[in-house]
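Asks: Okay, here's the structure, questions in a sec.
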Amino acid sequence: TGYLYKVDHLRWQRALYEKGWIAPRWPVAHGGTGWSPTRRYIYETELARADTPRIFSHGLRMVGPVIMAFGSEAQKEYFLPRILASRDWWCQGYSEPGAGSDLASLQCRAVVDGDDYIVDGTKTWTTRAQDADWIYCLVRTSTEGKRQEGISFLLIDMTSPGIEVRPLILLDQTAAPVQEVNQVFLDQVRVPRANLVGEENQGWTVAKYLLEFERGGPYA
């Protein structure tokens, strides 16, 4: 299929949604199919044989399961139906300059201000951030104790004032019509505390759970 624009992904994903096939790995209670592992295998094999567009994974395969496991009831009620229907396009705010493989050294900071966090920092290698409506983001909420113990998991609206997306042009820049990866700058971005997933300073646990869905799976 080659490179696909956001509109192409959404057209395919919404067709699967209308058919009821968009989330074969989700629980039935949240709109999943309830299929057995064998039926999921057959489904994914047939998609591969037909060379269909891949499902863009950050919503359906990553942050969706995290919200199911750690999110509040309000977060589940709002975000999960929108993810299922591909109404929101997500990107990942994990890596930073100097905090890639050593993710626990991240410095993007979130400070409490009333009912909000004020977020400052930068995220890098952010795939398709230029298309994203939301970013799920690891931020530092404490500098005490072990580095992993001061990290929280926030959901941030990409239209928030103070967010800037800049493209990172790779050596193979001619391989795609637009950039795949970006750097995201957050300058005094106000995020409701209600967008915290799980407990404050427990984001490392949430992040590790998400990584179970990021690597491997049906991609091979």
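Asks: How would Asp115, Asp102 line up by accessible area, probe 1.4 Å, largest first? Spell out each step's value before the answer.
Replies: On the way: Asp115 125, Asp102 65 Å².
The residues order as Asp115, Asp102, largest area first.
Asks: Consider just the alpha-carbon atoms of the chain and return their Rg together with their Dmax, both in angstrom.
Replies: So, for the chain, Rg and Dmax equal 17.6, 53 Å respectively.
Asks: Project the alpha carbons of the range 47-121 onto their principal axes and report the range along each, largest first, in whole Å.
Replies: Projected onto the principal axes, the Cα atoms of the range 47-121 cover 48, 33, 19 Å.
Asks: In whole percent, how big is the carbon plus sulfur part of the accessible area of the range 95-172, probe 1.4 Å, protein atoms only?
Replies: Numbers: 1800 of 3680 Å².
Its accessible area is 49 percent carbon and sulfur atoms.
Asks: Another question, then. Whole number in Å², please: accessible area per residue of the range 19-108, 1.4 Å probe, ligands, DNA and RNA not counted.
Replies: Numbers: 4310 Å² over 90 residues.
Here the residues of the range 19-108 average 48 Å² of exposed surface.
Asks: Each residue of the range 58-72 in order: what ³J(HN,Hα) in whole Hz does its phi give by Karplus 6.51 cos²θ - 1.76 cosθ + 1.60, θ = phi - 60°, with x for Gly and Pro?
Replies: The phi angles translate into 5, x, 5, 9, 10, 6, x, x, 5, 5, 4, 7, 10, x, 6 Hz.
Asks: On to the next question. Once you charge only the Cβ atoms, +1 for Lys and Arg and -1 for Asp and Glu, what is the size of the charge dipole of the chain about its Cα centre, to the nearest 20 debye? Mind showing how you got there, number by number?
Replies: Working: 24 positive and 27 negative charges, 147 e Å.
Value, rounded to 20: 700 debye.
Asks: Right, something else. For the chain, calculate the relative contact order in percent as a whole number, restricting contacts to Cα pairs under 8 Å that are 6 or more residues apart.
Replies: Details: 378 pairs, mean separation 41.5, N = 220.
With pairs under 8 Å counted, the relative contact order is 19 percent.
The values are calculated or read from the model by the stated rules, or taken from the named source; none is laboratory data. Note that this is a predicted model, so its numbers are computed, not measured. With ideal geometry, Cβ positions are generated from the backbone for all residues, glycine too; neighbour counts draw on all protein chains shown. Accessible surface is based on the protein model in full, side chains and every heavy atom, while ligands, DNA and RNA are left aside. Shrake-Rupley method; radii C 1.70, N 1.55, O 1.52, S 1.80 Å.
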